[in-house]
Amino acid sequence: MASAVPKAERLLKICVNHYKAPTCSDADFEKFMTTSHIQAAAGIIARHGIVRYAQYLTPLEARNIFAPDITAMPPGWMLSSYDAQTQYYVRSADDLRGLLMDPEWHEKVGKVETEYTNVGDVMILVGWETVYIEEEEVVNVP
């Protein structure tokens, strides 16, 4: 008798899109995100029950790889100009709410990020992620 495959936990994915500060170079922004920011943030993020956290950095050098292809896309398609996306996978939105209300988050992360990110222009995307291709294999297709 075959055993049932456990159903994967459905996590809410909250993506926060960021622009770097106008005075911040791509190199300084990447260094900030991958060193001082994550060093200050990782322990606080983990303490609030965030299941997974990832950074998706999109410097101009990377965006330019696909920029020529946009002209062949349907009218209205555009390449996002955001410089980074932070991705939080949570069981409940309250997990992220708790993080954002944590005084230590504001002290160690919030105050510092204003030098590197444009905190006045942020876009948030909330939903569920379903993977259909994994390691070149079709998965999760009914």
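Where in the range 1-110 are the helices (runs of 4 or more DSSP H), entirely inside, with at least 1 residues that are at pLDDT below 95, more than 17 Å from residue 128 (Cα to Cα) and open to solvent by 90 Å² or more (accessible area, probe 1.4 Å)?
Passing ranges, in order: 60-70.
How many of the residues in the range 99-142 are among the aromatic types (Phe, Trp, Tyr) and within 15 Å of the chain's Cα centre (by Cα)?
The number of residues fulfilling the criteria is 1.
State which residue pairs qualify: first residue under 18 Å from residue 22 (Cα atoms) and inside the range 57-70, second residue modelled with pLDDT of 95 or more and open to solvent by 80 Å² or more (accessible area, probe 1.4 Å) in any location, beta carbons under 7 Å apart, and separation of 6 or more residues or different chains.
Within 7 Å, the pairs are 57/30; 59/30.
Give me the pairs: first residue in the range 114-142 and without any contact (Cβ under 8 Å) to a residue 12 or more places away in the chain, second residue surrounded by fewer than 10 Cβ atoms within 10 Å (Cβ to Cβ) and not in a loop (DSSP other than H, G, I, E, B), beta-carbon distance under 7 Å, and six or more apart or on different chains, which are they?
Listed pairs, sorted by first residue: 132/138.
Which of the residues that make up the range 127-140 are of a type in the set (Val, Ile, Thr) and open to solvent by 90 Å² or more (accessible area, probe 1.4 Å)?
133, 138, listed by residue number.
The values are calculated or read from the model by the stated rules, or taken from the named source; none is laboratory data. Treat the numbers as computed from the prediction; the structure is a model and nothing was measured. Counting neighbours? That spans all protein chains shown, and the Cβs are built from the backbone with ideal geometry, glycine included. Surface areas here come from the heavy atoms of the whole protein model, side chains and all, with no ligands, DNA or RNA. Shrake-Rupley method; radii C 1.70, N 1.55, O 1.52, S 1.80 Å.
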